[in-house]
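See below for the structure under consideration.
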């Protein structure tokens with residue numbers, strides 16, 4: 001019997017993720033979803049689909065637990081007392097994360113890798129009078145992020161704070177994508193940042209740990225994909241990196257106060273500026289510690 005939020009729940013997600021990994025990899029290779037990495041090696045592209053599949057497995061488990069609770073079979077289990085609240089938040093996040101995944105997946109399928117950055121997408125529109133897939137993804141991310149901010153907010157949240165949350169969610173979604181140009185870089189940033197958010201929230205912000213429930217599948221999927229990604233055997237793709245960024249941004253707006261959110265917006269805004277005028281890779285390579293951390297574990 002699966003207990004929501006328990007170690008058994010993590011084991012179920014972990015086992016499912018490990019089982020999915022080779023099957024997803026073979027599926028991508030069989031359907032031609034491969035591409036060159038930064039070394040020119042042809043590897044599967046779009047392994048981030050594992051993250052999305054685990055999200056829906058979590059939703060399936062939650063719905064099953066709700067059915068059992070409504071039947072009275074699990075009425076005495078204290079871990080299930082807040083299932084209704086979990087179900088509402090989990091469904092809102094899973095719904096919005098699915099659209100983020102689909103936007104990234106579509107970009108992986110038909111997007112042009114030659115069109116990059118704000119200037120590149122604007123130039124493409126001026127020359128072709130057609131929106132690039134990057135522009136479509138940006139518009140879609142804006143719409144989805146706005147819906148999620150409104151869905152999880154309350155009547156006491158001021159409009160300007162919702163604006164900060166919206167900007168953070170949009171920029172963070174793209175930030176992990178900007179980092180995903182070297183093996184393991186995006187996942188290191190996600191897992192490291194997520195652990196920092198968890199620890200700071202738990203020790204300093206009196207965190208309600210149930211807020212992390214919706215993000216558990218993506219975190220578990222990130223751990224499972226890390227070994228494959230860091231060794232250069234598969235790429236997350238835009239579908240995976242965008243989903244990582246969206247999940248991290250969601251965690252931050254749910255847990256951190258607006259002051260911390262403003263600082264984070266400034267930091268990731270700087271990274272976007274750096275990506276436009278130079279490159280994040282160049283910035284990392286010029287810093288000895290960041291360069292060491294970036295190469296750690298990479299073959």
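Values in this text are rule-based calculations from the coordinates and carry no lab data. Values in this document were obtained by computation on a predicted structure and should not be read as measured data. Reconstructed Cβ throughout: ideal geometry from the backbone, glycine too, with neighbour counts over all protein chains shown.
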Practice item. Using percent of Cα pairs over 34 Å apart as the read-out, say which of (i) 21; (ii) 33; (iii) 48 was calculated from these coordinates. Key: (i)
Practice item. Please give the peptides 218-225, 194-201 ranked by average Cβ packing (other Cβ atoms within 10 Å per residue), highest first, as a rough proxy for protection. Key: 218-225, 194-201
Practice item. Can you tell me the 0 to 90 degree angle between the C-alpha axis of helix 117-128 and the longest principal axis of the chain, rounded to 10? Key: 70 degrees
Review point. Where does helix 159-179 land angle-wise versus the long Cα axis of the chain, in degrees 0 to 90, nearest 10?
Key: 60 degrees
Study note, to complete from the structure: Between the Cα axis of helix 216-230 and the main Cα principal axis of the chain, the angle (0 to 90°, nearest 10) is 40 degrees
Practice item. Give the relative contact order (percent, whole number) for region 7-295; include only Cα pairs under 8 Å separated by 6+ residues. Key: 28 percent
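Using the beta-carbon distance between residue 109 and residue 147 and R0 = 25 Å, what value does 1/(1 + (r/R0)^6) give for FRET efficiency, to the nearest 0.05?
Numbers: r = 24 Å, r/R0 = 0.96.
Computed FRET efficiency for residue 109 and residue 147: 0.55.
Per the helix-only calculation at 222 nm, which mean residue ellipticity applies to the chain, given -39500 (n - 2.57) for every DSSP H run of n ≥ 4 and division by its residues, nearest 500 deg cm²/dmol?
Numbers: 12 runs with 215 residues, N = 299.
The helix contribution divided over the chain gives -24500 deg cm²/dmol.
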Practice item. Would you mind computing, in nm to one decimal, how far apart the modelled labels at residue 102 and residue 8 are, each placed 7 Å from Cα along Cα→Cβ? Key: 3.4 nm
